[in-house]
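Input: a single structure, listed below in structure tokens.
What follows draws every value from the coordinates through simple rules; no lab data is involved. From a predicted model like this one, the values you see are computed outputs, not experimental measurements. Here Cβ is always computed from backbone atoms with ideal geometry, including for glycine, and neighbour counts include all displayed protein chains.
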Amino acid sequence: ILSTLDKDESISDTRRLALVADADIPPPSSAEGQQAIQGALSSLSSREMVTFETHEDVSYALKPEGEQIAREGSHEARVWAALPAKGKGTPLSAKEIIQVVGAESAKIGQGKAIKAKWIEKDGAGFVKATDKIQDTTQLDLQEIQSSGTVAAGEKVLSELKKRNLIVLRKSLWYTVHKGPQFSTSVQKPETDLTVDMLTSGAWKTSNFKKYNFEAEGAPTSSGALHPLLKVREEFRNIFLEMGFAEMPTSQYVESSFWNFDALFVPQQHPARESQDTFFISDPAAALPPPKAYYQSVATVHEKGGYGSLGYRAPWSTEESHKLVLRTHTTACSAQLLRKLATQPGGFKPAKLFSIDRVFRNEATDNTHLAEFHQVEGVIADHELTLPDLIGFLHTFFSKMGLKNLRFKPAYNPYTEPSMEIFAFHPALNKWVEIGNSGMFRPEMLEPMGFPKDVRVHGFGLSLERPTMIRYGISNIRTLVGHKVNVDWVENSAAVRF
Ligand code: PHE
């Protein structure tokens, strides 16, 4: 490039650059050659040694079958050529045509030749129907072969493209001029201004490499939020904009008292067995809960009260003090509700939420692990009703895009009534269970010290399920555990409901 510029001042078409003898570079007439030239040009122009313009050329080239037709004629012309003129020889049967021109040409060519009225039936065989044909397919292809296109225009080109005989080739080529720093030899420009250059004065004459402001920096390594935490942030935002305050949930280990008893879960309930719950063996027992409250909880279980018969089953202090990995964040809600009921100055309405980890001793599969996150909310106010809860859930879930809800009666030991929440999932085209909810029972609220007219709504859902749906994940181990791909975590998109 540099020696051509030195000699000729400019290069009008880089495809016509002279071949460099025994250099290991592709010829300038080829696409690879122009690619190599483009690399050289951008490096030379960054040193201002050359300036250049880019041009795009669109042309057509023949595919192997197109080349064969350009050489030997179209299939229909080959069939025509194989046949005798009418009355001047024995007509050829379809079988004989195959023998002469081959199966491929016979298959395509025979029909086309009949349609073009080049050949016709004569008894059991075929003969020429005309003594002269114009094989336009061959002529068009020959024209493309030599000029890259046809004068006949677009219609012919698209027909040949459809027949898979030609392909479109886009190629780039360049016009080049001398730049302000033109020279026939490439000096390695300086990339750093050094102390030596400053003291010797060499900087005055040094040739500095131009700063490339377009260059992308190397990706910096950084921390990244796990997808679960991104979805958690969205839930948190919904709660906060609806006026909820976040509950503390830092304690994974709870007493059975707070995890179960305070919630009026009977001590004989199957969920309290070791196949469902992880028990802690050391320390063996929890610190005792507030005495008077403990006593009222024990009483309501054993004997009833507040209009309830209770479970009328023996109460065990030992059972109550067993430590567990909390099986739900409702254990945290219970403690906060008790505080709310007994706070100085008396009860005030409140909306509280938490999003944290819970543990269940369950068989694990693609969608279940022994630990997951619960999103939980409680609302306490005077005279709340079930329609209030349903209305609230509609508002809450519509903020995450779920506008179509259904409720199904369910059972929780601590809520009555209880409702499972279903949402219609447009992408999955079905109703999916998304949560559980209810109104906390008086057997739970009244021992805590709530005024009689205060009702408390509660609801919970998992964080994993919406996250999996959001990220299109079908195996929970993609999300949690030792198989999680850290790159995927770093590159996972932000979530907006
Ligand atoms: N604790 C329930 C669960 O684990 C969720 C829930 C919370 C239900 C509050 C009702 C009230 O599914």
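Taking the 0 to 90 degree range and rounding to the nearest ten, how far is the long axis of helix 103-115 tilted relative to the main principal axis of the chain, both from C-alpha atoms? The answer is roughly 80 degrees. Modelled spin labels at SER171 and GLU302, positioned 7 Å past Cα toward Cβ, are 9.7 nm from each other. Only Lys, Arg, Asp and Glu carry charge here, each on its Cβ (+1 for the first two, -1 for the last two); on that basis region 228-491 has a dipole of about 380 debye about its Cα centre.
For a straight C-alpha distance cut-off of 24 angstrom, the lysines reachable from LYS162 (same-chain residues fewer than eight places away being disregarded) are LYS63, LYS107, LYS112, LYS115, LYS117, LYS170. Tell me which of ILE280, MET419, ASN259 sits at the most positive position along the dipole axis of the chain, charges placed on C-beta atoms (Lys, Arg +1; Asp, Glu -1). Positive-end residue among those listed: MET419.
Using the Cβ-Cβ distance between MET242 and ILE469 with R0 = 22 Å, the FRET efficiency computed as 1/(1 + (r/R0)^6) comes to roughly 0.50. Subtracting the Cα-Cα distance of LYS161 and LEU19 from 0.36 nm times their residue separation leaves 47.8 nm of extension gain. In loop segments of region 204-309 as defined by DSSP, the GluC sites (Glu not before Pro) with at most 12 further C-beta atoms inside 10 Å of their C-beta are GLU214, GLU216, GLU273. The stretch between ASN361 and GLU32 holds 112.2 nm of extra length on full extension. This uses 0.36 nm per residue minus the Cα-Cα distance. Centre-to-centre, using Cα atoms only, region 12-72 and region 430-497 are separated by 60 Å.
Taking a ≥ b ≥ c as the square roots of the eigenvalues of the Cα gyration tensor, the chain is classed as oblate, since a/c reaches at least 1.5 and a/b does not exceed b/c.
Overall shape: oblate for region 97-137, with the ratio a/c of the largest to smallest alpha carbon gyration tensor axis at 1.5 or above and b/c at least equal to a/b. Inter-label distance, ALA124 to GLU383: 10.5 nm, where each label sits 7 Å from its Cα along the C-beta direction. Placing +1 on the Cβ of every Lys and Arg and -1 on the Cβ of every Asp and Glu, with no other charges, gives the chain a dipole of roughly 1340 debye about its Cα centre.
Each of ILE390 and GLU72 was given a label point 7 Å from its Cα along the Cα-to-Cβ line. The distance between the two points is 7.9 nm. Projected onto its three principal axes, the C-alpha set of region 228-491 covers 53, 43, 32 Å, listed from the longest axis down.
Would you check region 228-491 for Lys pairs whose C-alpha atoms are within less than 18 Å, ignoring same-chain pairs closer than 8 in sequence, and give me the count? Taking region 228-491 as the scope, the lysine pair count is 11. Note on ARG477 and HIS55: the extension gain reaches 146.8 nm, defined as 0.36 nm multiplied by sequence separation minus the Cα-Cα distance.
Specify whether the C-alpha gyration tensor of region 354-490 places it in the rounded, prolate or oblate class, a ≥ b ≥ c being the square roots of the eigenvalues: rounded for a/c under 1.5, otherwise prolate if a/b is larger than b/c and oblate if not. It comes out prolate by the Cα gyration axes.
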